[in-house]
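All remarks here apply to the structure that follows.
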Amino acid sequence: MSVLIVILLFAVVFAFIVTRPDGSYQVPGRGYREYKLDGFNNWLQNYVNKGGNWRKIKTCLSASNVCEKIGQHNYASPDQFFVSRDISPLQSGCCKPPTVCGYGYVNPILWMNPTNPTADPDCYAWNNDPSQLCYGCNSCKAGLLGNLRMEWRKVNVVLIISVVILIFIYVIGCCAFKNAQTEDLFDRYKQGWV
């Protein structure tokens, strides 16, 4: 049981260290946050960028309905979309171009090209094709890490509660074992006097 407690403590510390930096930043006039890949832990960045991981993830994202969900909301105006807090990190990074690019809003997943795009590579990676959108953007990778960070934080709470319960059970078990040994020793001691 002590080995299990040590492993869980290691997992808690590891998850906390890896998810500490969150890579998000607030954009003035927006209810949702946007994400930068370099704002996350290097281990997470390397995992997403390593080998064919991103190609597999990108294929799954384009096949999923994560961006369709954002398009199903009936925003009466661009302002309603911009102040929405219902947009997940993944949707913020993958389903719309970064605000800095200056794209014009048509609907949540359809944007008009800016006249003077910025030098940000994500601005050139954006595509109105629903199978591409910003899946090739660093902001999409960062949005994925933002979602992953939120999920790991939830798991970390469960791990902490589990560790506390296991430590409590372990301490009670050790005390009961020690008391049993003490009583046994006391009984043998008494028998020696009789």
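The values are calculated or read from the model by the stated rules, or taken from the named source; none is laboratory data. The model shown is predicted, which means the values in this text are computed figures rather than measured ones. FYI the Cβ positions are ideal-geometry reconstructions off the backbone, even for glycines, and counts take in every protein chain you see. Accessible surface is based on the protein model in full, side chains and every heavy atom, while ligands, DNA and RNA are left aside. Shrake-Rupley method; radii C 1.70, N 1.55, O 1.52, S 1.80 Å.
Which of the residues belonging to the stretch 118-159 are within 26 Å of Gln72 (Cα to Cα), not in a loop (DSSP other than H, G, I, E, B) and not hydrophobic (A, V, I, L, M, F, W, C)?
Asp122, Tyr124, Asn138, Ser139, Lys141, Gly143, Gly146, Asn147, Arg149, Glu151
Out of the helices (runs of 4 or more DSSP H) lying entirely within the stretch 6-113, which hold 2 or more residues that are out of contact with any Phe, Trp or Tyr (no Cβ under 9 Å at 6 or more places or on another chain) and either closer than 25 Å to Lys154 by Cβ or open to solvent by less than 90 Å² (accessible area, probe 1.4 Å) (or both)? Outline the logic, then answer.
Working: elements: 42-49, 53-63, 66-72, 78-82, 89-94.
Correct list: 42-49, 53-63, 66-72.
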